[in-house]
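Asker: For reference, the structure I am asking about is given below.
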Amino acid sequence: MGERTANVHDGDIGATITGLAAVIHGRRTAAPEESYTARLLIGKEDTLLKKVTEEATEVVLACKDRDHDHIRYEAADLVYHLLVTLERYGVTVEELAGELDARHK
């Protein structure tokens, strides 16, 4: 577990996800030695997929501990790694939104 984030305030999830996805997309051209995201995007497939599994497990464990701040922290890690995964495999956040929208209509 990483260090807890201080002074967290509510935000706009749509704007946050869209902005983060744009930053991740921009990292495709970054130097891997300078960008963790670039390394995940172009490195070994299993490295990224293991991170998604690890972060999902950490969310589950935080839930089992009923630790609100830890759940939030680990969920943010999971969402970041999921967005990197979507970028790596060419799935846009707009496509993801469409999939989610189609499920509740």
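The values are calculated or read from the model by the stated rules, or taken from the named source; none is laboratory data. Computed from a predicted model, the values in this text were never measured in an experiment. Here Cβ is always computed from backbone atoms with ideal geometry, including for glycine, and neighbour counts include all displayed protein chains. Heavy atoms of the whole protein, side chains included, go into the accessibility calculation; ligands, DNA and RNA do not. Shrake-Rupley method; radii C 1.70, N 1.55, O 1.52, S 1.80 Å.
Asker: Within region 1-34, count every residue that is assigned to a loop (DSSP other than H, G, I, E, B) and under 28 Å from residue 60 (Cα atoms).
Answerer: Residues flagged as assigned to a loop (DSSP other than H, G, I, E, B) and under 28 Å from residue 60 (Cα atoms) within region 1-34 amount to 12.
Asker: Also, quick follow-up: Cβ-Cβ distance below 7 Å, separation of 6 or more or different chains: which pairs start in region 87-103 with a residue that is assigned to a helix (DSSP H, G or I) and end on one that is basic (Lys, Arg)?
Answerer: Nothing qualifies.
Asker: Looking at (1) at pLDDT 95 or above; (2) open to solvent by 80 Å² or more (accessible area, probe 1.4 Å); (3) assigned to a helix (DSSP H, G or I), which is the one condition that is false for residue 77?
Answerer: (2)
Asker: Determine which single condition residue 34 fails, assuming it passes every other condition in (1) without any contact (Cβ under 8 Å) to a residue 12 or more places away in the chain; (2) touching a Ser or Thr at 6+ places or on another chain (Cβ under 6 Å).
Answerer: Unmet condition: (2).
Asker: Quick check on this structure: which one of 57, 47, 37, 53 is out of contact with any strand residue (DSSP E or B) (no Cβ under 9 Å at 6 or more places or on another chain), open to solvent by 80 Å² or more (accessible area, probe 1.4 Å), part of a helix (DSSP H, G or I) and polar (S, T, N, Q)?
Answerer: Going through 57, 47, 37, 53 in turn, the sole match is 53.
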